[in-house]
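S.K.: The structure is given below, and queries will be raised subsequently.
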Amino acid sequence: MNVLRFGYVTGPLIGALWTVTMAVVTCVAVSFATGQPLAPSLVSSLLLGAWLGVVWLPGGGRSPVARLALPAVLAVVPAAAFLLGRPALVGGEGRTPTAMAVAWVVLGLASSWPLRRMLGGLPFGALTRHEFEGAVLRFLTAFGYVFFVAIVLIPFYVMVMTSLKNQQELLLNPLDLTIDLSKGWGLFRSYVELFRDFNFGTYLWMSTLVSTLTVLITLLFSIPGAYAVARLRFRGRATFSRSILLIYMVPMIVLALPIYIAFSMTGLRNTITGLVMIYPVTTIPVALYMLQGYFRGLPAEVEEAGLMDGLTRLQVIWKITLPLSLPALASVSLYVFMIAWNEFLLAFMLLDDPSIFTLTRGVAALNSSEVPRQHLMAGAVVATVPIMVLFLGLERFMTKGLTAGSVKG
């Protein structure tokens with residue numbers, strides 16, 4: 001039998017890996033919350049995790065001695081580390097006992113309770129395949145949640161907290177991401193200066209305008225195109241359907257120079273018209289691909305009944321197909337809006353006039369040694385939060401639109 005399929009091996013291994021993960025997350029979180037530099041101690045984390053992995057195994061660590069040892073270790077090890085001046089599970093130069101104690105408590109809670117859930121029910125001895133795979137899957141699921149939440153929330157947290165600082169605070173301790181609530185509305189000074197001195201109100205309007213026009217133009221071309229591919233019979237239909245997304249096989253950076261030259265020669269560079277012309281080129285293929293799949297899922301009998309009642313093909317699309325396709329149209333519109341809102345390469349290449357910058361181009365203009373870092377972070381927040389709120393508010397409609405039509409009935 002595989003040596004891993006024993007509780008006294010699986011438990012310590014999962015415990016060690018989980019505790020190291022939590023040590024890293026704890027150090028980052030407590031460092032940002034207290035401003036004290038903390039770093040994980042790999043050996044101590046592995047040892048504690050392996051010990052916890054045995055403690056929570058039925059018959060292996062639930063004896064009275066083990067139950068008493070857990071609080072003893074949680075209390076004695078950090079105290080001894082402070083006395084010896086060595087890191088226990090977390091440490092770092094310039095750390096304070098308060099930051100270390102907070103980190104220790106957070107790490108103990110973040111390691112013990114999840115491990116009890118992961119290893120609950122596992123025997124101390126041989127494991128069945130179902131028990132072993134279940135424990136591994138629970139660990140991987142928990143690790144995935146922690147990892148992906150951390151890589152999303154930590155940069156966003158740093159961005160927001162930095163935008164609420166002033167230049168003196170950032171120079172004094174760049175790691176200190178705590179905020180002084182006594183400042184009141186003064187915390188938002190960077191945002192006020194951003195709209196007052198850096199023209200971000202215009203940038204916000206330009207991004208909204210360009211994204212909205214991109215959505216309208218994309219739907220104007222993609223709806224009839226997707227309907228034709230899904231319903232009509234013509235030569236080359238299958239080839240066209242398969243080649244819709246081929247444009248995405250060509251990196252945009254390859255097309256950047258030809259687009260720049262063509263737009264410069266025609267006078268479209270440095271104009272909103274130029275952006276509104278080129279953005280749909282990147283969004284129409286994906287909209288065609290999404291809508292044709294949905295149109296194929298609609299019952300053709302409903303449209304045939306409309307044709308038999310004397311409606312033209314365009315009337316059928318307008319009065320029957322589009323009302324039935326509202327979930328798909330909403331999801332495509334949201335997706336296209338997000339693409340246009342976040343687009344940077346074409347805006348950076350084609351726009352030089354600050355009076356018509358989009359948000360992404362405006363944020364790039366803040367990336368200068370002459371502009372304080374808090375203004376750059378405030379600009380990033382302004383560019384991120386509206387589209388994030390829009391997505392979170394309409395995410396359920398997007399999900400319904402993407403899955404609608406996947407099952408015929």
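Quick note: the coordinates plus some simple rules give every number you see, no bench work behind them. Everything numeric here is computed off the predicted structure, so don't read it as measured data. Cβ atoms come from the backbone with ideal geometry, glycine included; neighbour counts cover every protein chain shown.
S.K.: Under 5 Å between amide H atoms, partner at least 5 residues away or on a different chain: which partners does Phe6 have, H built in plane at 1.01 Å?
M.R.: Long-range HN contacts for Phe6: Leu127.
S.K.: Using only the alpha-carbon atoms of the chain, report the extent along each of the three principal axes, biggest first, to the nearest angstrom.
M.R.: 85, 59, 38
S.K.: Sticking to Cα atoms, compute the Rg of the stretch 175-223 to one decimal and its Dmax as the biggest Cα-Cα distance, whole number, in Å.
M.R.: 18.2, 54
S.K.: In cubic angstrom, how much convex hull volume per residue do the alpha carbon atoms of the stretch 193-403 span?
M.R.: Expressed per residue, the convex hull around the Cα atoms of the stretch 193-403 is 146 Å³.
S.K.: Let me ask you something else. Please work out how much length the chain gains when fully extended from Ser355 to Ala126, using 0.36 nm per residue of separation minus the C-alpha to C-alpha distance, in nm with one decimal.
M.R.: Extra length available between Ser355 and Ala126 comes to 75.4 nm.
S.K.: Let me ask something else. Can you give the longest stretch of the chain with no exposed loop site, where a site means GluC sites (Glu not before Pro) in a DSSP loop (not H, G, I, E or B) with at most 16 other C-beta atoms within 10 Å?
M.R.: The longest uninterrupted stretch comes out as 94-369.
S.K.: Below 8 Å, C-alpha to C-alpha, sequence gap of six or more: please give me the relative contact order for the stretch 193-403 in percent.
M.R.: That works out to 33 percent.
S.K.: Given the convex hull of the Cα atoms of the stretch 292-356, what is a quarter of its surface area in nm²?
M.R.: Reported value for the Cα convex hull: 6.6 nm².
S.K.: Okay, next question. Pop out the ³J(HN,Hα) list for the stretch 265-279 in order, Karplus 6.51 cos²θ - 1.76 cosθ + 1.60 with θ = phi - 60°, rounded to Hz; leave Gly and Pro as x.
M.R.: For the stretch 265-279, the Karplus-derived couplings read 5, 9, x, 8, 5, 6, 9, 5, 4, x, 5, 5, 7, 8, 4 Hz, x marking Gly and Pro.
S.K.: Return the distance in nm (one decimal) between the two label points of a simple spin-label model at Arg196 and Met308, each offset 7 Å from Cα along Cα→Cβ.
M.R.: Inter-label distance under the simple model: 7.0 nm.
S.K.: Another question, if that's okay. Using a 10 Å cut-off on Cβ atoms, rank the peptides 152-163, 6-17 from the highest mean neighbour count down.
M.R.: Descending mean neighbour count gives 6-17, 152-163.
S.K.: A follow-up question, please. If packing is taken as the average count of other Cβ atoms within 10 Å, what order do 209-220, 259-270 fall into, highest mean first?
M.R.: Taking the mean over residues of other Cβ atoms within 10 Å, the ranking is 209-220, 259-270.
S.K.: Where does each of 242-248, 278-284, 226-232 land if you order them by average Cβ count within 10 Å, highest first?
M.R.: Descending mean neighbour count gives 278-284, 226-232, 242-248.
S.K.: Using θ = phi - 60° and the Karplus relation 6.51 cos²θ - 1.76 cosθ + 1.60, list the HN-Hα couplings for the stretch 284-295 in order, rounded to whole Hz, with x at every Gly or Pro.
M.R.: Running phi through 6.51 cos²θ - 1.76 cosθ + 1.60 with θ = phi - 60° gives 4, x, 5, 5, 4, 5, 5, 6, 5, x, 6, 4 Hz.
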